[in-house]
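Below: the structure, in structure tokens.
Every number here is computed from the coordinates shown, using simple stated rules; none is lab data. Values in this document were obtained by computation on a predicted structure and should not be read as measured data. Heads up, the Cβs are rebuilt from the backbone with ideal geometry, glycines too, and the neighbour counts pull from every protein chain shown.
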Amino acid sequence: MNTKAGWLLGAAAVCGLGLLSVEVQKVYAHHAFGAEFDPNRPVLLKGPVVRVEWINPHTWIHLETTKPDGKKEVWMVEGGTPNSLLRRGLKRDTIRPGEQIIVDGYQAKDRSNRANGRDVTLADGRKFFMGSSGTGAPYDQPGKDQRK
Amino acid sequence: MRPFLPTLPIATLLVMAALVWGAEIPRTPEGLPDLSGTYDIATLTPLTRPAGLGDRLTLTDAEAQAIAKRAAAVKAATSKASDPNREAPPEGGDGSEGAAGNVGGYNTVWVDNGSGAFKIDGKWRTSIITDPANGRMPPLTPQARKRAAERARYARPNKGDAFWITEGLSPGPYDDPELRPAAERCLLAFGSGGGPPMLPVLYNNLKQIVQTKDRVLILNEMVHDARVIRIGGEHEPPDIRRWLGDSIGHWEGDTLVVDTANFNDTPALGNATRNLHVVERFTRIDEKSLLYAFTVEDPTVWTKPWSGEILWPATDQRIYEYACHEGNYSFAGILRGARLLEAETLEKQKKQPAK
């Protein structure tokens, strides 16, 4: 095995920095992403931001979408942790209500109008400031707290 | 001839000693190394060395540069604009693994795990673990292997189904909030970020040390775990158990040695049990960095102790509050989602009785 490739693979697995961000990490089930969102319910959401919740552990962006029949719906999209965003110079009011955004992701398993921010961009495709999902537990052991 | 040294004043001797040891480090009024400060321990050096590197502890400058360059390129590539006319992701999941759970995950903006490997004694490191020599944890004991196999029964890709019902797994992984991982419940940092041992994770890698004559406090940004280490004294009685264990410290020369025991049943370190015992060594090696070394033992988990070390570089950044419970909507959503999937599965089973 090419040692450099081995290193990179290992670094990707442990530190989460691979070709597609952390998507090459090994499977740890019972993790929040998998636990929270339904892979059978993909969504594409477009519309103006109506509210930003700048809270821990992760931000939530609310946007208003318009259904084909003209009916309006407000969806919540889970985003990155405020701590990391602050370090990148982003602030609570960086994203203002009215800003048009596009979100692709998957709906929550509880079927509420919530989705992960798989890819969140402005109307022209530029990346919005956030990532996605979960309660931030990528390295937890599967079922670590399982009772016997 | 008279001996030379005894004629010198004590202060001069101390200065000479400091120069000889290269100990140009900040000190407290008591003369102890001053460990206080804020440190960012994010690194691309993994805890466990990739198997292909064998016993190789270090990387060449060229290799380390290549890794940093590649990481930067990945960040740049994944920060590029997307197609504004894109469609929704594929039904059945996007195939992403691990943290992303088949629904897509953390993008580059979200992750904050450093831009390169770390250096100790002038050499780039291949892993945090240094002992065993292959940079990997020793084998698990038979009882730990059995526990891991039991947990693995619950590990599978996210298909958006109630597999625990169809496969008759009991208890189900979502039966009770207390069955969920401590990090998901906002009780502890994941990945042993709050430790001990205190390890780097995907983001929120800042640590702040506040030091007094008889206490050392370490604040961990992730889930704001705070360890208060008593200097001197004995451990509390073993019937008092803590999430972060009970830590007592003493000075060995210029190194703070911290001994931690009396963990509760689920320490943050993966696989560890209440028998976990960790010894950490904090040494200020220069004005800007600490060397953090540790040894882990849990005879009910690993067949022998293992050790590691990592550089803690000081940072000008500040720690932000990470009040995890504040908006942990996900947790209730996870449980609600499980109830809904269970109800649907049971309904389906009723309509299609087993043959």
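Here are some notes:
- Shielding score for B:161-167, defined as the mean number of other chain Cβ atoms within 10 Å: 1
- For B:TRP302, the residues 5 or more places off, or on other chains, whose built amide H falls under 5 Å of its own are B:THR141.
- In terms of the mean number of neighbouring beta-carbon atoms within 10 Å, the peptides B:191-202, A:117-128 order highest first as B:191-202, A:117-128.
- Within-13-Å neighbourhood charge of B:GLY116 [Cβ basis; K, R +1; D, E -1]: +2
- Farthest positive-ward along segment B:245-355 dipole, Cα basis, beta-carbon charges - from B:ALA338, B:GLY245, B:THR300: B:ALA338
- For B:ILE229, distant residues with modelled amide H under 5 Å away: B:VAL216, B:LEU217, B:ILE218
- Average other protein chain Cβ within 10 Å of Cβ, residues A:36-49: 6
- Rounded if a/c under 1.5, otherwise prolate or oblate - segment B:236-334, Cα gyration tensor axes: oblate
- Axial C-alpha extent at least 20 Å, average Kyte-Doolittle at least 0.0 - helices from chain B (DSSP): B:61-78
- Ellipsoid semi-axes for segment B:314-355, based on the Cα gyration tensor and the rule √(5λ), read 45, 11, 4 Å when sorted largest first.
- Environment charge at B:ASN275 (Cβ cut-off 15 Å; Lys +1, Arg +1, Asp -1, Glu -1): -1
- Computed over every Cα-Cα pair of segment B:225-277 and binned at 10 Å starting from 0, the pair-distance distribution P(r) comes out as 26, 51, 22, 2 percent.
- Other residues with beta-carbon under 13 Å from the beta-carbon of B:LEU206 carry, at +1 per Lys or Arg and -1 per Asp or Glu, a net charge of -3.
- Residues whose amide H lies under 5 Å from that of A:ASN40, counting only those 5 or more places away or on a different chain, are B:GLY92; hydrogens are built 1.01 Å from N in the peptide plane.
- Gyration tensor verdict on segment A:28-110 (Cα atoms; rounded if a/c is under 1.5, prolate if a/b is larger than b/c, oblate otherwise): oblate
- Shape box of segment B:170-306 [Cα atoms, principal axes, largest first, Å]: 53, 32, 27
- Those residues of segment B:277-309 whose amide nitrogen sits under 20 Å from the label point placed on B:ARG145, 7 Å along Cα→Cβ: B:298-306
- For the pair segment B:258-297 and segment B:147-172, the centres of their Cα atoms are 32 angstrom apart.
- The antiparallel fraction among DSSP beta bridges confined to chain B stands at about 95%.
- Each 20 Å bin, from zero up to the one with the longest distance, holds this percent of the alpha carbon pairs of chain B: 23, 53, 20, 3, 1, 0.
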